[in-house]
Amino acid sequence: MKATNQNESKQYLWWISFVFCLLALSFFFDVWGGKRIVKNNGSVEKKYFSTETVRTPLKEPKLLKEGEWYRCNDCHQSIAPSDVKKSFFSAHESVNLEHGVNNHCLSCHSRDNREFLVDSHGDDIDFTRSELSCIKCHGVVYNDWVSGAHGRINGYWDKTKGAAEKVTCVACHDPHAPQFKSMEPSPAPVILNYLNSIVQKDEPHE
Amino acid sequence: MFKWLRDYLYFLYRCFVISFQGSGYFYTWMTFLTALSLIGLNAYCKQLVYGLSVTGMTDHVSWGLYIANFTYLVGMAAAAVMLVIPVYIYKNKNLGDVVIFGELFAIASIIMCLLFVTVDLGRPDRFWHLIPFIGKFHWPVSMLSWDVVVLNVYLLLNMHICGYLLYMKYLGRKPAKILYTPFIFLSIAWAVSIHTVTAFLLVGLGGRPFWNSAILGPRFIASAFAAGPAFIVLTLQVIRRLTGYKISDDALFLLRRIIQVAMVINIFLLGNEVFKEFYTESLHGASAKYLFLGLHGHNNLVPWIWSALAMNFTAMILLMHPASRKIKYLNIACVLAIVGIWIEKGMGLIIPGFIPSPLGEIVEYSPTLNEILVCIGIWATGFLLYTILLRISIPILKGNLQISLKYTQRITIKSE
Amino acid sequence: MSDSEKQEPGILDEKVSRRDFLKRSAVVASGAASLIAAMSPLRLMENGLSAEEFVQNHYKELSKEEMDKVIARLSKKIEERYDVDANLRDVKPMDGVEYVYALNLSRCNGSRRCVHACVNENNQSRSPEIQYISVLKMPKGTMDMEQGTRQYEPDEVPEDDSFYLPVQCQQCENPPCVKVCPVEATWQEKDGITVIDYNWCIGCRYCEAACPYWARRFNFAEPEIPKDRVNPDMGYLSNRPRPKGVVEKCHFCLHRTREGRLPACLEACPTGARIFGNILDPESEISFVLKNKRVFVLKEEAGTLPRFFYFFD
C-alpha cells in the first residue's frame, strides 16, 4: 500500500462516518428491499369439501305429484295391473326417465305391488334394498360395489375399529336417470408469485 | 513455554490491525463493500422475519438465485487447483509467487458458498442438525451431506495451507514440507471433488430429467476451470497495479492457456448436451426447450442463455486468437468468460431444472429485490474477506510484515 | 516497503491525537449504529424460538417422557394461537399394516372435493395457499402431464374430452425424498407412510427438488389458518400446525388412518373414485382392486415404486 500522510489521509474518516450514518438511517426507514406480498386467500365454503352423498334417496316409496307426496298404493291399490309393455307416464310427470335401453317401468317396479321392486325371479324386493334390483343388469358394477371398488365408503378401513359405511346405488344415481350428474367444481389452486405483486397464472396449454 | 502461542496471537493481532490500514482508495473500497454487506444483512433479516416468501421462489421453482450463486462459487473455489497443479506438479516457476492468491481466493469463495447455503435454508436456527454425532447427519446416502463434508474440509485445507505458509514467512522460517505438501496434493483432488459432489447433488435426482445426465459433472468442472482462472487473471493484475507485487506476464499467459482449453471443452460439452436434448424430440427435452427456445409462450430465460452462449463463444474465439496475447484483449475474454459462465451455470442450469414442474406445469421464476440484495451482500462480504486476506498476505510475502527482532528480543529478555 | 509497516503497528504504542481519536471513534460508532440498524427488522419477528424448541432432538431419539413434554409445549402454543383445545398426540403405526391407495380414473370427475377436504382436515395454510393434492385435467388420449393443467374452472365438471388425474404423495417404496434429506428429517415408517418431523427439518428443500411427483410443499411464510377452520384432531407427524420454513406433504392422514379411519380425501370424493386400505389384508378393498383391476403407476421409470395406483374401469 502507498505510504500516506497520517493527518491528511484521515480526512476521509469523516466521510466514512457520514456514509454509515446515512446507511443506518436508510435501514431505519426501511428503504431497501421489497415488501412481502402474499395473496390473501380466505377459506372456501364448506360445501366444497362436504362428505354428503350427491343425492338423498327416498326412504319410502312415494311420488311427488302436483306439490304433494303420495304413497304408491294410494292410487295403485285401486288400479288393475297392466300387461301393456309400453311406458306410461302421464300420472308421473315428476319422474324423468333416462335409463338407456331400460325404458320399461316394470323392469324394476313390481307389477303387483308398486311399493316394491322386483328381482330377476319376479319376487318382490323391499324399497330400501333397491340395489338388489340393479343387480339384474349391472352385475359387474355390483360386484365391484360389494368388494369396495365402486362407490363411496365413509368411516373406517379397519373393520375391527369401526364400520365402513357404504351407501346404496341410489344415494348417488337417480334410478330413473342414473348417469352421475355434473357438478360445480371446488375452487382452482392459486399459483403464487411474489414478483412486484403481479400474480402469475399458468394458462392451460394445448 | 507458551511463547509460540503468544507469538501467534500477536501475529493475529497485527493482521487484524493491518487490515484497517491503507490509502484513501482502500478505505473507500472497504467502506463500499461494508455498506453493501450491511444492506445484504438488512435484506436477510427481513427474510428471517417474513420467511422465504420475500424471495421469488415458489413450490415450483424451489431453488433460485441463492443456489445458482452457490453452484457458481463452488466452481470458483475449485479453480484454485488450476494454480496449484502447474506449481507443485509441473514445477512452474512463474506461478510460484501467486499460488497463494488462488488459495486465498478459494477460502473467500467457500465462505461465500457457505453463506449462500445458509441464507437459502428455511430454518437456519436448526443448523446444528447437520453436525455429525450432535445432529443427525445423513451421510453417506444424501449428496447434500457429502457436500457439507467436502466443502468444509476444503475450507480447512486451504486455511491450513495458506495460514501455515504465511505464518512461516512472517516468522522468517522455512516451512516444513511435511506440514504443507501432503495437504496441497490432497487439495488438488479435493478441489475436483467439491465441484463433482455439487454436480452430483443435481445429477442424482431422477425426477428432474434436465439434470439427470452424466454430462453435468464434466460440464461443471470445465466451466469452473474456465471462469476461475479468468477471475484470477483479473485479480492478479489488480494486485500488480495496486501493490507493486511482482507478477510476470508469463503467469497470466499460462492461465490464459488453461482458460483456453477449459473453455473449448465447455463449449464442446454444451454441444453434446444440446444434441442430446433436441435430437430425439422426446418429452424429457422440455426443460432444454424452455431454456433455449421458450415453452408454450414462456421464454424469460431465452435472452439470458443466448447472451451467455454468445459471451462464451466470443471468449473462446478471443482466447484462441493471438490477439489475446495482449493483456487488454485477454481481460475482455476473461470478463466475458466470467459473466457468460455465471449466467450459464446459474440461470441456465438451476432454474430450467424446475421448469416444467414434474407435473408439467410452467411457473417462471424472477428474483425479488430482497433476494438480489442478499446476494449482493454476500458477494460484497466475499470480496471484503478476500481484500482483507490480500491486505494481510501481500506485506508478509513482500517481507514488510515480519515478526520484529526488537519484539522477540524484548520477550526473551523479560523471561530471563 | 514503507518504514511504518516494518514497525509494530500497535495502537497502544502510537501517539494518537485527539482529533484522530474522534475520527476513529466516529467511524466505529457509526459503523456499529449501521450494523444494529441493519438488523433492526428482527424486532418484527413473531413466534420467537424457545430454548426447548431449539435443543429438541429428532423424533426417533425422543423418549416417551420427552415426547410428552414436547406435545404439552406444542398444545399450549396451539391453544394460545388458535383458541382451540387440541387433541395432539403421537400416533404410532399399527402392526401388520401397509397402506396402499388406488384411484379409479374412470370415476374421477375433477370436482376437487378431495383437495379442499385435505386442506380442511390437515390445517394447511390458506395464505400462502398450500394444497397437497393436485388435480390435473388431462386431454383424453395422452398421459403427458405437460398437456394437462391444474387451472380448470368450468361451471360444471366433468368436461368433455377430458379426464382428471389427482396426484399427491405416492408414499413410494423407494422414496427419493428420504434419500436426499441431509438431516434425516423425513423417513418412511413401517406402515409405508413417509413422514416429516417438522421440528427437525432445516428447510433446505432438497426433498422438494427430488420428488418426481411434485408432492412436497414448503412454508415460504408463516402459515395462516383461519381460527374457525382449525381441526383440533392433530397428530405430531401429520396435521399439527407447521412452523414457517419447513417442508410438508400428504401423510395419508395418519392421525386418522392409524386409528382405523379413512383419509379425508377419500371420504369427500363424491364419485367414490378413491380406494384405501391395508394391502397386507387379502380381504381388503384395496387388495381386491390390485388383484382385479388393471392398475398402473405414474412415472414408473423413475424407479420410485409408488404405493399409489391408478386404473380405468
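Every number in this text was worked out from the coordinates using simple rules, so none of it is lab data. What you are looking at is a predicted structure, and each value in this text was computed from that prediction instead of being measured. Methodologically, a virtual Cβ is constructed for each residue, glycine included, from the backbone with ideal geometry; neighbour enumeration extends over all protein chains shown.
Quick notes on this structure:
- Computed about the Cα centre, the dipole magnitude for region B:34-180 is approximately 600 debye when only Lys and Arg (+1) and Asp and Glu (-1) carry charge, each at its Cβ.
- The amide H of C:V167, built 1.01 Å from its N in the peptide plane, has C:S134, C:V135, C:L136 as neighbours under 5 Å, considering only residues 5 or more places off or on other chains.
- Loop-located trypsin sites (Lys or Arg not before Pro) in region B:137-191, at most 11 other Cβ atoms within 10 Å (DSSP): B:R173
- For B:T55, the amide hydrogen comes within under 5 Å of no other amide hydrogen, counting only partners 5 or more places away or on other chains and with H modelled in the peptide plane.
- The order of A:C137, C:C177, A:C172, going from fewest to most other C-beta atoms within 10 Å of their C-beta, is A:C137, A:C172, C:C177.
- Percentage, to the nearest whole number, of Cα pairs in the protein assembly as shown over 44 Å apart: 44
- Rounded Å value of the spacing that divides the Cα centres of region B:323-399 and region B:141-203: 22
- Here region B:236-381 is treated with +1 on each Lys and Arg Cβ and -1 on each Asp and Glu Cβ, and its dipole about the Cα centre works out to around 920 debye.
- 5 angstrom amide H check on A:I125, placed H, neighbours 5+ away: A:L117, A:V118, A:D119
- Over region B:218-274, volume per residue of the alpha carbon convex hull, in Å³: 60
- By the beta carbon rule, with partners counted only under 4.7 Å, chain C holds these lone Cys residues: C:C108, C:C118, C:C172, C:C181, C:C201, C:C204, C:C211, C:C253, C:C269.
- Helix B:177-203 vs. chain B, principal-axis angle (Cα, 0 to 90°, nearest 10): 20
- Here the protein assembly as shown is assigned +1 on the Cβ of each Lys and Arg and -1 on the Cβ of each Asp and Glu. Its dipole about the Cα centre then comes out at about 5120 debye.
- Applied to region C:179-191, the Karplus parametrisation 6.51 cos²θ - 1.76 cosθ + 1.60 on θ = phi - 60° returns per-residue 3J(HN,Hα) values of 4, 8, 5, x, 10, 6, 6, 10, 7, 9, 8, 6, 8 Hz, with x for Gly and Pro.
- Derived scalar couplings between HN and Hα for region A:127-137 equal 4, 7, 10, 5, 4, 5, 7, 4, 3, 3, 10 Hz in order, rounded to whole Hz, by the Karplus curve 6.51 cos²θ - 1.76 cosθ + 1.60 (θ = phi - 60°), x for Gly and Pro.
- With all pairs of different C-alpha atoms in the average, the Kirkwood value for the hydrodynamic radius of region C:111-252 is 16.2 Å.
- In terms of distances greater than 31 angstrom between alpha carbons, the cross-link table entries B:K345/C:K190; B:K46/C:K137; B:K3/C:K23; B:K177/B:K246; A:K39/C:K137; C:K140/C:K227 yield B:K345/C:K190; B:K46/C:K137; B:K3/C:K23; C:K140/C:K227.
- Put simply, chain C fits an ellipsoid with semi-axes of 50, 24, 20 Å; these come from the alpha carbon gyration tensor as the roots of five times its eigenvalues, largest first.
- Note that region C:84-97 has calculated 3J(HN,Hα) couplings of 9, 8, 8, 9, 8, 9, 9, 8, 7, x, 7, 7, x, 10 Hz, one per residue in order, obtained from phi through the Karplus relation 6.51 cos²θ - 1.76 cosθ + 1.60 (θ = phi - 60°); glycine and proline are x.
- In region B:3-415, a dipole from Cβ-located charges (positive for Lys and Arg, negative for Asp and Glu) runs towards its positive end, and of B:V264, B:V49, B:G294 it is B:V264 whose Cα lies farthest in that direction.
- Estimated Rh, region C:247-307: Kirkwood, alpha-carbon pairs, angstrom: 13.4
- Using a simple spin-label model with pseudo-atoms 7 Å out from Cα toward Cβ, A:K161 and B:R6 lie 7.3 nm apart.
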